[in-house]
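Take a look at the structure set out below.
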Amino acid sequence: MNTQTTYMGLKLNSPIVVSACTLSEQTDNIVMMEDNGAGAVVLHSLFEEQIHKEEKRLNSVISKTSNAFAEALDFFPDLEDVSSGTDDYLNQIRKAKERVKIPIIASLNGITNQGWVDYSKQMEWAGADGIEVNIFFIPGDITMSSAEVEHRYLNIIDAIRQSVNIPVAVKLNPYFSAMGNMSIRMQHAGADALVLFNRFYQPDFNIDELSVTTDLKFSESSEIRLPLLWISLLYGKVYCSLAATTGVQTGVEVIKYLLAGADVAMTASSLYKNGIPYLRTMNKQLQQWMERMGFDDVAAFKGSMSQKHMPDPTAYERINYIKILDSVKQS
């Protein structure tokens, strides 16, 4: 079966992409991902605030050693050992590009306009095939209007688009009041792909210690419904690529997302649970389903269950809400 797909202009041999996670911090893992059928890899995110922290540490070492006696220098770390996070990340891109043929997509989580632009440029220079812009922003300021939030996203996208030539994907959250309109505006601002959805890691409370906990819980397959809905609604109405990145645990979720109109389905939690070789199993599940259904390639069924192609488009609208409630009442 031909499982090739195109994602924001990049040719992929599989629609199954490894999403941004710590597994990609090791180049050997990226090689293993390619060997087991990953169509592409999104590297772990580069966080601008972490870079600032590293730079402060580096400056501190320089200030402490600049006037030191030669015999006392052994008490201080070598400057070569105090590299910034930026250098490490860029080297990671270069190493990955040297060892694999699949696209390597950098992931950037910035906090300043200058940071978004500067780091994007450096990622392109290091050889990244694309950039996933992870605008992890929660408007905690209750005086900030929805228009201000939207403009923040659009300004970041526009600034990056004007600065680099490689494709740019935007990982957006599901909380915009007019998701469809915002998707179109992001596309016009320069987004080559939309990644649905950014999964905010929300805090919890420890009621015994009266403290805030920040434990990580992997996504579950039941979480695919919201991105499935919006990919189904957006397919054929926006010309940029669509990526799904929530709840992809098996080949079943990959198939559902492709039917909705996604170009790729991204996964990380399934690899944490089952190991990187599980990518091969997911690809096999996709191929076996395609063979059983008589589809020779992904293009033969991609988007076939989107709102655009459904004989009853009300399945995605308000009337379906009433039907669901009636079915529960009858049961």
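The values are calculated or read from the model by the stated rules, or taken from the named source; none is laboratory data. Since this is a predicted model, take the numbers as computed values, not measurements. Here the Cβ positions follow ideal geometry from the backbone for every residue, glycine too, while neighbour counts run over all protein chains shown. In case anyone asks, the SASA skips ligands and DNA or RNA and just uses the protein heavy atoms, side chains included. Shrake-Rupley method; radii C 1.70, N 1.55, O 1.52, S 1.80 Å.
Taking the conditions exactly as written (part of a helix (DSSP H, G or I), within 23 Å of L43 (Cα to Cα) and in contact (Cβ under 8 Å) with a residue 12 or more places away in the chain), does I224 satisfy them or not? Can you show your working first?
Numbers: part of a helix (DSSP H, G or I): yes; within 23 Å of L43 (Cα to Cα): yes; in contact (Cβ under 8 Å) with a residue 12 or more places away in the chain: yes.
Yes, satisfied.
I need every pair where a residue in the range 120-135 that is in contact (Cβ under 8 Å) with a residue 40 or more places away in the chain and more than 19 Å from Y153 (Cβ to Cβ) has its Cβ under 7 Å from the Cβ of a residue that is part of a loop (DSSP other than H, G, I, E, B) and open to solvent by less than 10 Å² (accessible area, probe 1.4 Å), sequence separation at least 6 or different chains.
K121/V164; E124/V164
If you scan the range 129-157, which residues turn out to be open to solvent by 70 Å² or more (accessible area, probe 1.4 Å) and either part of a helix (DSSP H, G or I) or in contact with a His (Cβ under 7 Å, 6 or more places away or on another chain) (or both)?
Across the range 129-157, the qualifying residues are S146, E148, H151, R152, N155.
When the range 252-267 is examined, which residues are found to be part of a helix (DSSP H, G or I) and either charged (D, E, K, R) or open to solvent by 10 Å² or more (accessible area, probe 1.4 Å) (or both)?
Matches in the range 252-267: V252, E253, I255, K256, L259.
Scan the range 216-228 and give yes if some residue there is surrounded by 22 or more Cβ atoms within 10 Å (Cβ to Cβ) and out of contact with any Lys or Arg (no Cβ under 9 Å at 6 or more places or on another chain), otherwise no.
Yes; the residues of the range 216-228 include at least one that is surrounded by 22 or more Cβ atoms within 10 Å (Cβ to Cβ) and out of contact with any Lys or Arg (no Cβ under 9 Å at 6 or more places or on another chain).
Among the residues that make up the range 298-319, is at least one of them within 30 Å of N29 (Cα to Cα), crowded, with 18+ Cβ neighbours inside 10 Å and at pLDDT 95 or above?
Here is the first cut: in the range 298-319, the residues within 30 Å of N29 (Cα to Cα) are 298-299, 302.
Retained after the next criterion (residues that are crowded, with 18+ Cβ neighbours inside 10 Å): 298, 302.
Narrowing further to those that are at pLDDT 95 or above: 298, 302.
The answer is yes, given that some residue of the range 298-319 is within 30 Å of N29 (Cα to Cα), crowded, with 18+ Cβ neighbours inside 10 Å and at pLDDT 95 or above.
Under the condition of being at pLDDT 95 or above and in a helix (DSSP H, G or I), which residue from the range 160-179 is most open to solvent (accessible area, probe 1.4 Å)?
That would be R161.
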